[in-house]
Amino acid sequence: MEAALIAFVLPRYRDESSAWALLATGAVGAAHVVGQTLLTREGLRHYLGGRPRPDRLLAGYTGLTLAAIAVPVGAVAADALPLAAASAFVVYVTMYFAAPVSLALPVRRALALLLLPLAAAVAGLAAVGSTAVALAVMVAVTGVAGAGLGVLPRASAWTLRVMDRLDAARETEARLAVAEERLRFGRDLHDVLGRNLSVIALKSELAVALARRDGAGTEAAVVQMTEVQRIARESQAELREVVRGYRVADLHAELAGARGVLEAAGISCRIEDGAAAELPPAVQSALGWVVREGTTNVLRHADAARCVVRLRRRPEPDRVVLDMENDGVHGMSGGERGSGLAGLRERLAKLDGSLTVGGEDDVFRLTAEVRLGSDA
């Protein structure tokens, strides 16, 4: 735009100007346009955060602007260029100075630097006979136009920066989604395989002990290893379901499975699940994972003889509570082990639920609470 304005103004005063004045003014104007383009590019890169501030280019452009003011003013002093042509040229050069400077510098420093060519323009034109009214009009026009030309590129650059940050945020969100999915997958693998591997290890040890006996011990060992084979196949099927992403823990199935594996390990198990049928699917699934992890911990860490699983509903507030108690508190006194309980807390937190564990009066208790209606 600056180049178009300069190309429009100078030819209009061809008959009233010397050739050298027009050539010199046009040359310095063209150089100013080139400098403006270069500084705008580097200033934009700096504003967007990719490059250091172009101080040398900024200094060169400032000097070029002062030269672009001095050349036409000098031509007027030499009677080689009309004052009107010089005034228009100086106004264009001064106001377009604001555009690249607003990108290269902070706002306050840019405003301070903009005063330099404006003061030089006023002083130069005043020296060659410009009136006070003309100078006041020039200052007003240059100030208003310069402010607009400074705001527009900075606003455009701000928009580009917001778009860049939005793209970066989307990339970060995508990476976090992948990481979250990996954590979910790892947690599901732990929940699915943890209990079954504990049962397999327990039954394998029992089969080894039975195989060392004479007589009926061999047949009993075969029975145990057959059970190990069945559990291994179930684990294989469950693992496939996890990989496919379709697996949902069923509370009734988990309660029945917990009773079966605990009693197979010689632990008496009592289930009180009167409220299970009334629970929403999401709540049943979350509590099913709690039962699975709690059973795994009893088998793996405790020295229990009995276990009670109790499901109850509290009307005020409307919450469902699952308690798992066993008398193996001494075996589980070492604190929360592994990542299973942390994974349960993450599942329950999504349903406005909580998980607490602790031992008291020779009883280890795992309690999960979920607010009903939170699965909506």
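Each reported figure results from applying straightforward, stated rules to the coordinates on display, with no laboratory input. The structure presented is a predicted model; accordingly, all values stated were derived computationally and were not measured. Heads up, the Cβs are rebuilt from the backbone with ideal geometry, glycines too, and the neighbour counts pull from every protein chain shown.
Where the centroid of each part is defined by its Cα atoms, how far is the stretch 294-320 from the stretch 116-164 in Å?
The stretch 294-320 and the stretch 116-164 have Cα centres spaced 76 Å from each other.
Mark the label point 7 Å from the Cα of Leu160 along Cα→Cβ and return the residues of the stretch 88-119 whose backbone N is within less than 18 Å of it.
In the stretch 88-119, the label zone of Leu160 (backbone N under 18 Å from the point 7 Å along Cα→Cβ) covers 97-107.
Show me 27-39, 226-238, 282-294 ranked by packing, highest mean number of other Cβ atoms within 10 Å first. Show your work: numbers first, answer last.
Values: 27-39: 18.2, 226-238: 14.2, 282-294: 24.7.
Highest mean packing first, the order is 282-294, 27-39, 226-238.
So how do 60-66, 315-321 stack up, highest first, on mean other-Cβ count within 10 Å?
The peptides rank, most packed first, as 60-66, 315-321.
Could you run the Karplus curve 6.51 cos²θ - 1.76 cosθ + 1.60 with θ = phi - 60° over the stretch 158-173 and give me ³J(HN,Hα) per residue in whole Hz, x for Gly and Pro?
4, 4, 4, 5, 4, 5, 4, 5, 5, 4, 5, 5, 5, 5, 5, 4
Please order Met138, Met225 by the number of other Cβ within 10 Å, starting at the fewest. Present the calculation step by step, with values, prior to reporting the outcome.
Working: Met138 21, Met225 17.
Fewest to most other Cβ atoms nearby, the residues stand as Met225, Met138.
Just to verify a number: FRET efficiency for Val151 and Arg108, C-beta to C-beta distance, R0 = 22 Å, to 0.05?
Using R0 = 22 Å, I get an efficiency of 0.90.
Between Thr356 and Val208, what length comes free when the chain is fully extended (0.36 nm per residue of separation minus the Cα-Cα distance, one decimal in nm)?
On the way: separation 148, 0.36 × 148 = 53.28 nm, distance 3.70 nm.
49.6 nm is the gain from fully extending Thr356 to Val208.
Can you list residues from other chains, or at least 5 along the same chain, whose modelled amide H is less than 5 Å from the amide H of Leu372?
Correct list: Arg319, Val320.
Pop the C-beta distance of Leu197 and Ala256 into the FRET formula with R0 = 22 Å and round what comes out to the nearest 0.05.
On the way: r = 19 Å, r/R0 = 0.88.
For Leu197 and Ala256, the calculated efficiency is 0.70.
Normalised by the residues of the stretch 2-170, what does the relative contact order come to in percent, with Cα pairs under 8 Å and at least six apart? Walk me through the intermediate numbers first.
Details: 185 pairs, mean separation 44.9, N = 169.
Once divided by the residue count of the stretch 2-170, the mean separation gives 27 percent.
Kindly write out, for the stretch 32-47 in residue order, the coupling ³J(HN,Hα) from the Karplus curve 6.51 cos²θ - 1.76 cosθ + 1.60 (θ = phi - 60°), rounded to whole Hz, with x marking Gly and Pro.
Per residue, the Karplus-derived 3J(HN,Hα) values read 5, 5, 4, x, 4, 5, 5, 5, 4, 5, 5, x, 5, 4, 5, 4 Hz.
Modelled label-to-label distance, Ala132 and Ala220, 7 Å Cα→beta-carbon offset: nm?
Simple spin-label model gives 11.9 nm for this pair.
Could you give the distance between the Cα centres of the stretch 54-88 and the stretch 197-211, to the whole Å?
Measuring centre to centre over Cα atoms gives 95 Å.
Measuring from label point to label point, each 7 Å out along Cα→Cβ, what is the Arg306 to Arg175 span in nm?
5.4
List residues of the stretch 68-100, by number, whose backbone nitrogen lies under 20 Å from a label position 7 Å along Cα→C-beta of Ala19.
72, 75-76, 78-82
Residue separation times 0.36 nm, minus the C-alpha to C-alpha distance between Arg56 and Gln229: what's the value?
Working: separation 173, 0.36 × 173 = 62.28 nm, distance 7.71 nm.
Taking Arg56 through Gln229 to full extension adds about 54.6 nm, to one decimal.
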